[in-house]
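Below: the structure, in structure tokens.
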Amino acid sequence: MFDTLVVNANLATMRPGGAAYGAVRDGAIGIKAGRIEWLGPRADLSGAPEGLATEVLDAERAWVTPGLVDCHTHLVYGGNRANEFEMRLNGASYEEIAQAGGGIVSTVRATRDASENELVATASARLGSLLAEGVTTVEIKSGYGLDLATEMRMLRIARLLGDTAPVTVKTTFLGAHAVPVEYKGRADAYIDFVANEVLPDAVRAGLADAVDCFCENIGFTPEQTMRVFDSAKRLGVPVKLHADQRTDFGGAALAAKYGALSADHIEYSSEAGIAAMAAAGTVGVLLPGAYYFLREAHMPDIGAMRQHGMDMALATDSNPGSSPLVSILLALNLACTIFRLTPEEALAGVTRNGAKALGMGATHGTIEAGKAADLVFWRIGAPVELAYAMGANPCMKVLKSGV
Ligand SMILES: [Zn+2]
């Protein structure tokens, strides 16, 4: 006996191999205790649906996908950077914006100054937009506090969001996001503080599911990144990396060397770096929202990623400076139009591979027996429509753990 039996549904299971999108037409899904217990063609059901489940859910021929996974966001922050957006479009230079107190330092200041209620309210609104489009799992990074108290506060708020909304939140400690003003010119001292004080505290408090660094010519060096990663390793926490967004800084290979869950951005990663990631099982997370918003021109080497069999995930990178994007469906469209992903690759990027990028591949990301019953019902005629439409939201219904 199932708790719930979904019938009259077309399933895009996103199981790899086999039919496109792992599709099962006129399918059914049996759910018990929050998990998928059975799925298959409706014709294979061993009796009338009413006799098999406490509740029968008629999907009205909707397409059903796994719950969507946004595996890279910076959802919790104070203020926004709309003023910089306007200054830039009115002709201001980066120097003028920096002199006016803009850039990441302005978000750090606004985040430190914001009350807990403000941070919760603004992040909840952004999260609400994602949930309305079928997101059931989201990663949220710290990295706008850059001091002990505010980094911890950001992570606590991220956890709170997961406790109060129907979504699994994975927290990532990103203390090494930028050098705060009080450490100006002393990046190494700041890295020591992050690696030896803030990170261990965050881990001891149970607030860090993973550790991330901004490894870039305008961020931290590979050597500084390794000091944070070594600390993470000692603490038994998996790592991920903001890698090769603006230059080939060796981030992809570094992430692979540490067995990272993911390396993210990777526009400039070399083929050798991509091959190393594929061999290490490190997922590549593509962030087309930032690419679009920053009007970047150097494409990630999607051909090499396919050739080496690197798993490609896709995320919003929702953040105030470079990707104020709160639509996972628009990320699908951007990935297809700009990066030339196939619609099936894009959907895999926000399901199967997004889950893998969070270390949740065994329990989430596909419609398979034994996995969590995180399911989204879409009023569409074919799965491609999720990536094709711009600004549409055909989400009809979401089940989180079967409910
Ligand atoms: Zn990011």
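The values are calculated or read from the model by the stated rules, or taken from the named source; none is laboratory data. Just so we're clear, the structure is a prediction, and the values are computed from it rather than from any experiment. Cβ: placed from backbone, ideal geometry, glycine included. Neighbour counts: every protein chain shown.
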Residue among 251, 236 that is closer than 22 Å to residue 146 by Cβ and free of Cβ contacts under 8 Å to residues at least 40 places away in the same chain: 251
Which residues, counting only those in region 256-280, are free of Cβ contacts under 8 Å to residues at least 60 places away in the same chain, in contact with a helix residue (DSSP H, G or I) (Cβ under 8 Å, 6 or more places away or on another chain), within 16 Å of the ligand (Cβ to nearest atom) and not hydrophobic (A, V, I, L, M, F, W, C)? 265, 267, 269
For region 207-262, which positions are hydroxyl-bearing (Ser, Thr, Tyr), over 22 Å from residue 152 (Cβ atoms) and modelled with pLDDT of 95 or more? 221, 258, 262
Strands (runs of 3 or more DSSP E) contained in region 111-226 and holding at least 3 residues among the aliphatic types (A, V, I, L, M): 135-141, 168-176
Residue within region 179-201 that is under 13 Å from residue 143 (Cα atoms), touching a residue at least 24 places away in the same chain (Cβ under 8 Å) and among the small types (Gly, Ala, Ser) present: no
Yes or no: region 376-385 includes at least one residue that is among the aliphatic types (A, V, I, L, M) and more than 26 Å from residue 56 (Cβ to Cβ). yes
Report the residue count in region 356-396 for those that are without any contact (Cβ under 8 Å) to a residue 40 or more places away in the chain, more than 21 Å from residue 16 (Cα to Cα) and not in a loop (DSSP other than H, G, I, E, B). 0
Could you please let me know if residue 270 is among the polar types (S, T, N, Q), surrounded by 21 or more Cβ atoms within 10 Å (Cβ to Cβ) and at pLDDT 95 or above? no
Test: residue in region 133-153 that is touching a strand residue (DSSP E or B) at 6+ places or on another chain (Cβ under 7 Å), within 16 Å of the ligand (Cβ to nearest atom), modelled with pLDDT of 95 or more and within 26 Å of residue 6 (Cβ to Cβ): yes
Could you go through region 192-214 and let me know if any residue there is over 21 Å from residue 282 (Cβ atoms), within 17 Å of the chain's Cα centre (by Cα) and surrounded by fewer than 19 Cβ atoms within 10 Å (Cβ to Cβ). no
Taking region 231-255 as the region of interest, how many residues are more than 16 Å from the ligand (Cβ to nearest atom), assigned to a helix (DSSP H, G or I), in contact with a Phe, Trp or Tyr (Cβ under 9 Å, 6 or more places away or on another chain) and not hydrophobic (A, V, I, L, M, F, W, C)? 1
Examine region 318-330 for a residue that is under 23 Å from residue 17 (Cα atoms), surrounded by 24 or more Cβ atoms within 10 Å (Cβ to Cβ) and at pLDDT 95 or above, and state whether such a residue exists. no
Result of the Cβ filter at 6 Å on region 131-151, keeping first residues that are at positive phi and partners that are not in a strand (DSSP E or B), at least 6 apart or interchain, is 143/177; 146/108; 146/180
Residue 70 meets each of (1) over 30 Å from residue 323 (Cβ atoms); (2) of a type in the set (D, E, K, R); (3) touching a residue at least 12 places away in the same chain (Cβ under 8 Å) with one exception, condition (1)
Would you point out the residue of region 281-311, among those that are part of a loop (DSSP other than H, G, I, E, B) and either within 16 Å of the ligand (Cβ to nearest atom) or touching a strand residue (DSSP E or B) at 6+ places or on another chain (Cβ under 7 Å) (or both), that is nearest to residue 15 (Cα to Cα)? 311
